[in-house]
Amino acid sequence: MAESSKVIHIRNVGHEIAEADLLQLLQPFGNVSKIVMLRAKNQALLQMQDLHNSVSALQYYSTVQPSVRGRNVYMQFSSHQELTTDQSSHGRNSDQESEPNRILLVTIHHMLYPITVEVLHQVFKAYGYVEKIVTFQKSAGFQALIQYQSLQEAVEAFGALHGRNIYDGCCQLDIQYSNLSELQVHYNNDRSRDFTNPSLPTEQRPRASQQGYPDPGGLYAFQQPGASYAQMGRAAMIATAFGGTLPPGVTGSNERCTLIVSNLNTDKINEDKLFNLFSLYGNIVRIKILRNKPDHALVEMADGFQAELAVHYLKGAMLFAKKLEVNYSKYPNITSAPDAHDYTTSSLNRFNSNVIKNYRHCCAPTKMIHISALPQEISEDAILNHVSEHGSVVNTKLFEVNGKKQALVQFESEEEATEALVSKHATSLEGNMIRISFSQMQSI
């Protein structure tokens, strides 16, 4: 057996294993001062701060089999007593120095939502006191430097966050140690922040939305001091969808989720038809048609912002020869009951996926409907036969997007298009359950 060394040699290190994974194995025993990833050999060398740390680690792992991402790895003392600067690696794919440092260099991959200093601070403060953050755009993408008060806090954040996503399925954190010793921050704004010096100026500059990122001031009422991480993520998502500014007349501050819809055509309306219309603006929790007032219905949306969109876009819309009245209800929610239709688990709720796209497509009823999820062999005649009972069709267009058949159907009026949407969304056409929404195109 090799004599004791501060350097630990790890074998069977698969390509799926990152530096952060190995750091997590050894951090409980002390600081890791240097690391070398020998990718071609599926091996790694990690140097502990002192000999006592490495001895403690190998004593422990002689009784417990270390495993990373489901793969067993094997440890022993290295024949190296020290790793030189030339040997130590910088990041995952480089052969330059990468000593742990209290400053982290973070690259954001797949950045579908805007990332601000506030969002980064919310993520990284869970692992220690963040002193400074600087963000910038480089050829590698959106990057940030995060300075912790201590080295141990930075190492812990590295181990916990490298490779993780800020939001589901996107905004992946690629972290490496910076070689800087101190960040210089001159302004406290959405691009840089010195949390140790809150009196720094904010700097006058162009609106961030003109640079392709929504102005954090446009994150509406959700971004309040102490706002939760989920709220901030939702605000960023909405900002992205609407290009940084809300539609005129929408405040974003409404918290009431339940709507009262009146002047309904009692002969033709039902809960599912109301669902098909209101689900264009958000997820539906429950809908209840009032038995003592059958031309009235309560519609409970998933949140206040979605409810506000529905009021904004549907107030005064024509449906089945009636002008809809849509207002906020005095009831905070609809109580679960046999006469209240529950849609909480419905797969037809549109905002369960493609949230940004759905927000972006929000609009008042138009003369044009967009039909998707069509059978591959569908014909224009079959589509016409399915929807033409609801009004005069002016024009149709059948086309493919990414190999999937879709269609546009233009009616004589918004009312006819609305009737077709509420009546035929989520109906079966030649064995496929089709999806219908309003198109903002003016003509085909």
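The values are calculated or read from the model by the stated rules, or taken from the named source; none is laboratory data. Please read these numbers as outputs of a predicted model, since none were measured by experiment. Quick reminder, even Gly has a Cβ in these numbers, built from the backbone with ideal geometry, and neighbours come from all protein chains shown. Ligands, DNA and RNA are stripped out before the accessible areas are found, and what is left, the full protein with its side chains, is counted by its heavy atoms. Shrake-Rupley method; radii C 1.70, N 1.55, O 1.52, S 1.80 Å.
Data for the structure
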{"quantity": "Accessible surface of the range 249-320 [probe 1.4 Å, protein heavy atoms]: carbon and sulfur percent", "calculated": "44"}
{"quantity": "Extension gain from residue 16 to residue 392, taking 0.36 nm per residue of separation minus the Cα-Cα distance", "calculated": "129.5 nm"}
{"quantity": "At 0.890 mPa s and 25 °C, Stokes diffusion of the range 312-444 via Kirkwood alpha-carbon radius, µm² per second", "calculated": "151"}
{"quantity": "Value of Rg/Rh across the range 240-363 [Cα atoms, Kirkwood radius]", "calculated": "0.95"}
{"quantity": "In nm, spacing of pseudo-spin labels at residue 110 and residue 441 (7 Å Cα→C-beta vector)", "calculated": "3.0"}
{"quantity": "Spherically averaged projected area in nm², based on the convex hull that wraps the Cα atoms of the chain", "calculated": "27.9"}
{"quantity": "Förster radius 30 Å - calculated FRET efficiency between residue 380 and residue 413, Cβ distance, rounded to 0.05", "calculated": "0.90"}
{"quantity": "Net +/- balance of residues flanking residue 372 in space, Cβ distance below 12 Å, scoring K and R +1, D and E -1", "calculated": "+4"}
{"quantity": "Candidate lysines for bridging to residue 34, where Cα separation is under 20 Å - those fewer than 8 sequence places away on the same chain excluded", "calculated": "6"}
{"quantity": "Candidates 300, 118, 182, ranked by Gaussian network fluctuation over the chain, Cα under 10 Å, top entry", "calculated": "182"}
{"quantity": "Summed residue charge, Cβ within 13 Å of residue 295's Cβ, Lys/Arg positive, Asp/Glu negative", "calculated": "+3"}
{"quantity": "Charge dipole magnitude, Cβ of K and R +1, D and E -1 - the chain, Cα centre, debye nearest 20", "calculated": "220"}
{"quantity": "Partners for residue 367 among lysines (Cα-Cα distance below 27 Å; same-chain residues under 8 apart left out)", "calculated": "268, 273, 315, 322, 323, 357, 397, 404, 405, 424"}
